[in-house]
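Notes follow the structure.
The values are calculated or read from the model by the stated rules, or taken from the named source; none is laboratory data. All values derive from a computational prediction rather than experimental measurement. Every residue, glycine as well, gets a Cβ built from its backbone with ideal geometry; the counts of neighbours run over all protein chains shown.
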Amino acid sequence: MTYITKPRLHHPSLPTNKLGYTRRDYEGTISTLCAGCGHDSISAAIVQACFDLELPPHRIAKLSGIGCSSKTPTYFLGSSHGFNSVHGRMPSVLTGANLANKDLIYLGVSGDGDSASIGLGQFAHSIRRGVNMVYIVENNGVYGLTKGQFSATSDRGSKSKRGAVNYDEPIDLIDMALLLGASFVARSFSGDKAQLVPLIEAAITHHGAAFIDCISPCVAFNNHEGSTKSFDFVREHNEAVNRLDVIMGRAEITADYAPGTVETVTQHDGSVLRLRKLAADYDPTDRVAAMTYLQERHAAGEIITGLLYVDPDSRDLHDHLDTVAQPLNALGEAALCPGAAALDKLNASLR
Ligand SMILES: Cc1ncc(C[n+]2csc(CCOP(=O)(O)OP(=O)(O)O)c2C)c(N)n1
Ligand code: SF4
Ligand SMILES: [Mg+2]
């Protein structure tokens, strides 16, 4: 038996959203990950975000590669579409699915091994193409599933469980996402649900490539002294630049804040991101300044979290390709195959 179904019994007075679903309706099977694994907290945050946004589960497609992180889509959104692909290949499968049916919400779940090693090229191209998706890397700095080898995001000088030192420079997927043109970039920590849930909600409402690097400690192989991805290390070095609220449907903003401490960003679909500034000089709409700030703070040993960059006027792959409004998988044969005369005309226009 490769999965354990959750018992359907639950408290009769669990809150429901406007679709009539409880939080349980967004869950999957029982997790088989190690007790305490950070990845399970990310699954719980995804469940909460989809419940809060009142998303119909059948409108969501979850895709992943290979790894403990990539196993997690089995543990959430049990009624959604799912595709568990090959190691590092989630982005191309997601891109293809998105091109065929742009009406679904695409959730790509990956690991640091899956995205920063074997899938680095795939990660890069899906981001630079602006595929409309939420791409979450559950970053624990190791290959958890294959028993704790250093991954490409392990910091130089950090130590494995057995004391071996990593001499390689790390790849920072946030730096790469910014450089490659992602229109939404955030970093969070699996141990900070209050920060992570609104970031996932904002990423879902974002139109374009939304990337979240979520530090997610591996309790089996990378939670010891000498690791920079352990619960203790991340808690001690975590510096959030802002705190986010997502307001759907232009609801009135009622909370009171001191002038200058709140920044609002209105997205494509009318949703408003309300950012309570924790670092006074941080502007999440300035890509170049964000890159400089992150490099400087990284050199000072800090792990910067929060919404790091957002482009409110973002475009996606379909905008770039100027595809028709109707999803391609819903077009009939006549539209997809306009016939020899139309092809002759096109060929003639290119001569
Ligand atoms: C083509 C291929 N190469 C190697 C492997 C072996 N393998 C499975 S998972 C994995 C690394 C997983 O690490 P990560 O993506 O960080 O996920 P984690 O388990 O840490 O969540 C590797 C190397 C594989 N399954 N397929
Ligand atoms: S090996 Fe690590 S990443 Fe995998 S389930 Fe266990 S704690 Fe999580
Ligand atoms: Mg990993």
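Take the residues in segment 276-311 that are part of a strand (DSSP E or B) and among the basic types (Lys, Arg); name whichever of them is farthest from Leu199 (Cα to Cα). So, considering only residues that are part of a strand (DSSP E or B) and among the basic types (Lys, Arg), the one farthest from Leu199 (Cα to Cα) is Lys277. Scan segment 47-69 and give yes if some residue there is surrounded by fewer than 22 Cβ atoms within 10 Å (Cβ to Cβ) and either free of Cβ contacts under 8 Å to residues at least 12 places away in the same chain or within 16 Å of ligand 3 (Cβ to nearest atom) (or both), otherwise no. Checking segment 47-69: not a single residue is surrounded by fewer than 22 Cβ atoms within 10 Å (Cβ to Cβ) and either free of Cβ contacts under 8 Å to residues at least 12 places away in the same chain or within 16 Å of ligand 3 (Cβ to nearest atom) (or both).
Quick grid of which residues meet (1) away from ligand 2 (no atom under 16 Å from the Cβ); (2) in a loop (DSSP other than H, G, I, E, B); (3) in contact with a helix residue (DSSP H, G or I) (Cβ under 6 Å, 6 or more places away or on another chain):
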| residue | (1), (2), (3) |
| --- | --- |
| Thr146 | no, yes, no |
| Asp175 | yes, no, no |
| Leu199 | yes, no, no |
| Cys214 | no, no, yes |
| Ala220 | no, yes, no |
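Across segment 231-267, the qualifying residues are those that are modelled with pLDDT of 85 or more and part of a loop (DSSP other than H, G, I, E, B), and the one among them that is surrounded by the fewest Cβ atoms within 10 Å (Cβ to Cβ) is Met248.
Considered as a group, the residues in segment 101-123 that are of a type outside the set (S, T, N, Q) and within 9 Å of Pro91 (Cα to Cα) include one that is surrounded by the most Cβ atoms within 10 Å (Cβ to Cβ), and that residue is Gly108. Taking Gly67, is it within 16 Å of ligand 1 (Cβ to nearest atom) and at positive phi? Judged against the criteria, Gly67 is a match. Only one of these conditions is not met by Ser117: (1) part of a helix (DSSP H, G or I); (2) more than 16 Å from ligand 2 (Cβ to nearest atom); (3) over 30 Å from Pro56 (Cβ atoms). Which number is it? That leaves (2) as the condition not met. Please work out if Ser92 is under 16 Å from the mean Cα position of the chain (by Cα), more than 12 Å from ligand 3 (Cβ to nearest atom), touching a residue at least 24 places away in the same chain (Cβ under 8 Å) and not in a loop (DSSP other than H, G, I, E, B). Spelling it out, Ser92 is indeed under 16 Å from the mean Cα position of the chain (by Cα), more than 12 Å from ligand 3 (Cβ to nearest atom), touching a residue at least 24 places away in the same chain (Cβ under 8 Å) and not in a loop (DSSP other than H, G, I, E, B). Against the list (1) buried (at least 20 other Cβ atoms within 10 Å of the Cβ); (2) within 14 Å of ligand 1 (Cβ to nearest atom); (3) over 14 Å from the mean Cα position of the chain (by Cα), the condition Ser80 fails is (2). Taken across segment 312-330, residues that are over 30 Å from Asn242 (Cβ atoms), polar (S, T, N, Q), in a helix (DSSP H, G or I) and modelled with pLDDT of 95 or more do occur, with at least one present. Contact map, segment 275-291: first residue among the charged types (D, E, K, R), second residue surrounded by fewer than 15 Cβ atoms within 10 Å (Cβ to Cβ), Cβ cut-off under 7 Å, separation 6 or more or different chains; pairs are Arg276/Tyr257; Arg276/Thr261; Lys277/Thr261; Asp283/Ala289.
The selection criterion, being away from ligand 1 (no atom under 13 Å from the Cβ), outside any helix (DSSP H, G or I) and in contact (Cβ under 8 Å) with a residue 40 or more places away in the chain, holds for Asp155. On inspection, Val165 qualifies as surrounded by fewer than 24 Cβ atoms within 10 Å (Cβ to Cβ), more than 16 Å from ligand 1 (Cβ to nearest atom), within 20 Å of Ala299 (Cα to Cα) and not small (Gly, Ala, Ser). Among the residues in segment 67-74, are any of a type outside the set (Phe, Trp, Tyr), assigned to a loop (DSSP other than H, G, I, E, B) and either touching a helix residue (DSSP H, G or I) at 6+ places or on another chain (Cβ under 8 Å) or over 16 Å from Met133 (Cα atoms) (or both)? Yes, segment 67-74 has at least one match. For Ala177, the conditions (1) within 16 Å of ligand 3 (Cβ to nearest atom); (2) crowded, with 22+ Cβ neighbours inside 10 Å are fulfilled apart from (1).
Residues of segment 268-283 that are surrounded by 17 or more Cβ atoms within 10 Å (Cβ to Cβ) and in contact with a helix residue (DSSP H, G or I) (Cβ under 7 Å, 6 or more places away or on another chain): Ser271, Leu273, Tyr282.
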